[in-house]
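The values are calculated or read from the model by the stated rules, or taken from the named source; none is laboratory data. These figures come from a predicted structure and were not determined experimentally. Here the Cβ is made from the backbone with ideal geometry for all residues, glycine too, and neighbour counts use every protein chain on show. Side chains are part of the model used for accessible areas, which takes the heavy atoms of the whole protein and leaves out ligands, DNA and RNA. Shrake-Rupley method; radii C 1.70, N 1.55, O 1.52, S 1.80 Å.
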Amino acid sequence: KSELRAAAIAVELGTLENRLVMVTPSEALLFFGEFVKERNHRALAEIQRYLEEWKAPKCAPLIEKRRRLYDQKSRGGAADKQEDQDLGAQLRAVSKSLADLDVSLESFWTELQLLVELAEESSALERLEGLGEPGEIKDFYGECIRRGSPIHLLRGDPLQLAGSFVRDVLKSLGESPDTAQGMYVVSVIGAQSSAKSTLMNFLFGCGFATRAGRCTVGLYASLMKAPDGRSLLVLDSEGLLSIESKGQVFDGQMTLLAMACSHVVIINHKGEVSRQLQDLLEICMFAMKHLRVTKIQPKVVFVLRDQSDRSSDVHEDMLRSMKQHLADSATRLGVPLDGLIQLETTGIHLLPTAFASELRHGQEVKWTTELFSHEIMELRKRIFQWLHDQAAPKGDDEEFRPEFSTLQGWFTHATSVWETLVVFG
C-alpha cells in the first residue's frame with residue numbers, strides 16, 4: 001500500500017510541475033503590476049478601497065448567518081451529536097465562503113511573490129513580462145512595508161512561512177551597519193474575534209486589517225520603530241479556541257511559534273483568565289522543554305478586554321494561582337518556570353471598553369473613549385519597558401549578542417521553528 005501511495009504522490013507531483021511550467025500572470029495581476037511598476041501608492045490605496053466596497057454587500061449576509069450559527073452552537077442548541085456536527089460543518093462552510101471573498105492587496109502581493117519565486121527558481125524571468133524586474137518589485141514591496149503595509153508571513157493551506165521573496169525583502173530592510181542593539185519582537189495571541197488586530201493597531205499604529213466578519217489567517221507582521229530607534233516587529237496571529245477550531249494541535253503550534261519568536265507575548269482575552277489558556281500554556285512549556293526551539297524566555301503578559309470593574313486584585317489572584325500551577329508543571333519537567341517563560345503576577349493589564357456610541361439626529365455616532373485611549377498609552381509604555389528589559393544584556397556580559405539582530409535572522413529562526421512544529425505537531 002505504501003508503494004502504491006508513493007507512486008500516486010509521484011504522479012500528482014509530476015502533474016503539478018507540468019502545470020507550473022504553464023503558469024502565466026492573470027489579467028488582474030497584470031493590472032496590479034502596472035501600478036507596482038509605477039510605484040503608485042495612491043493607486044494601490046484606491047484598489048483596496050474599491051475591493052472593500054465590493055466585498056461589503058456580499059459579506060454582510062454571510063456574517064449574519066455565521067453569527068446565528070455561533071449563537072446556536074454556543075447555547076448548546078443542537079438536539080444531538082449529529083446536529084452539533086452539522087452546525088460545525090455549516091460554520092466551516094460559511095467561514096470558507098467569507099475567506100473566498102477576502103480579496104485584498106495582500107492577495108495580489110502573494111500571487112506576485114509566488115510568481116517571482118517561480119520565475120527565479122526556473123531561470124525563466126520572461127514569465128514576469130509586463131510586471132517588472134524581480135529586484136524592482138522587491139524594492140517597492142519593501143517600500144510598502146516601510147510605509148506600514150502588513151506582511152503575510154504565515155499563509156496558505158496548510159500554513160507555511162513565506163518564501164524567498166519575503167526573505168530577500170526582509171534582508172534588505174534589516175541591513176544596517178550596527179546590529180549590536182538588535183531588534184524588538186512583540187506578538188499577540190488570543191481567542192478568535194477577540195479584537196487582537198485592533199489592539200495592536202491602537203498600541204503601535206499598525207495597519208492590520210479589521211472589519212466585521214474578518215478573522216486573521218496565519219500570521220501577519222508589521223515593521224515599526226521603537227522610541228529608542230530600534231526596529232520593532234509586531235506579530236498578529238490567527239485566533240485560537242474557535243468554535244470551528246482547527247484543533248488543539250494548531251492552537252499549540254500558533255502559541256509556541258509566538259513564544260519562540262518574541263520578546264513579549266501579549267495574551268489578549270475577553271473575560272477572566274480561563275483554564276483553557278492555562279492548559280495551552282502548560283502544553284507549550286512541555287514543547288519548549290523538549291523541542292528546544294526557543295532562544296529566549298519570553299515575557300508573557302495578559303490584557304483583559306472590556307472590563308467594567310478594573311480592580312486588579314481578583315485577576316492578580318487568578319494569575320498567581322495560574323503561575324503556581326505552571327511552576328509545578330515546570331518542576332515536573334525538571335526546569336524552573338523562569339527557565340521557560342517570564343510570568344509575573346503583576347503582568348496583567350485591564351482595559352475598559354474601547355468604544356462608546358449614541359444617537360445624534362437619528363444616526364449612531366461611535367468614538368473611542370478617552371479612558372480607553374489613556375489606558376492604551378499606559379499599556380504601550382509598559383510594553384516598551386518590558387521589551388527593553390527582555391532585550392537588555394544580563395549582568396556584565398561583555399560578549400552579549402542580541403537574540404534577534406536582523407530581520408533576516410529573525411525570519412530564518414521563525415522558519416526553523418515552524419518547520420519543527422509541523423514535523424512534531
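So the values come out like this:
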{"item": "Efficiency of FRET between Glu38 and Asp328 - r from beta-carbon atoms, R0 60 angstrom, step 0.05", "result": "0.50"}
{"item": "Gln192 long-range amide H proximity, modeled H, under 5 Å", "result": "Leu240, Ser242"}
{"item": "Values of log10 I(q)/I(0), in the order q = 0.13, 0.27, 0.30, 0.31 Å⁻¹, for the range 285-340 under a Debye, Cα-only, solvent-free model", "result": "-0.44, -1.11, -1.25, -1.29"}
{"item": "Extent along principal axes [Cα atoms of the chain; Å; largest to smallest]", "result": "64, 63, 62"}
{"item": "Share of alpha-carbon pairs per 10 Å distance bin for the range 1-58, given as whole %", "result": "18, 25, 19, 20, 15, 3"}
{"item": "Chain lengthening between Glu64 and Arg230 when straightened (0.36 nm per residue, less Cα-Cα)", "result": "55.5 nm"}
{"item": "Under Karplus coefficients 6.51, -1.76 and 1.60, residue-wise ³J(HN,Hα) of the range 188-196 in Hz, glycine/proline x", "result": "10, 10, x, 5, 4, 6, 9, 6, 5"}
{"item": "Separation of the Ala89 and Ala28 label points, Cα + 7 Å toward Cβ, nm", "result": "2.9"}
{"item": "Share of carbon and sulfur in the accessible heavy-atom surface of the chain [1.4 Å probe, %]", "result": "51"}
{"item": "Principal axes of the range 313-369: Cα extent on each, largest first, Å", "result": "65, 21, 14"}
{"item": "The range 122-227, accessible area per residue, ligands and nucleic acids excluded (1.4 Å, Å²)", "result": "42"}
{"item": "Euclidean distance of C-alpha centroids, the range 1-80 and the range 100-150, integer Å", "result": "16"}
{"item": "Out-of-range pairs (alpha-carbon distance over 20 Å; input Lys225/Lys381; Lys171/Lys299; Lys196/Lys270; Lys225/Lys270; Lys58/Lys96)", "result": "Lys171/Lys299; Lys225/Lys270"}
{"item": "Distance between modelled label sites at Glu126 and Arg360, nm, 7 Å Cα→Cβ extension", "result": "6.2"}
{"item": "Order by protection proxy (mean Cβ within 10 Å, highest first), peptides 82-90, 230-238", "result": "230-238, 82-90"}
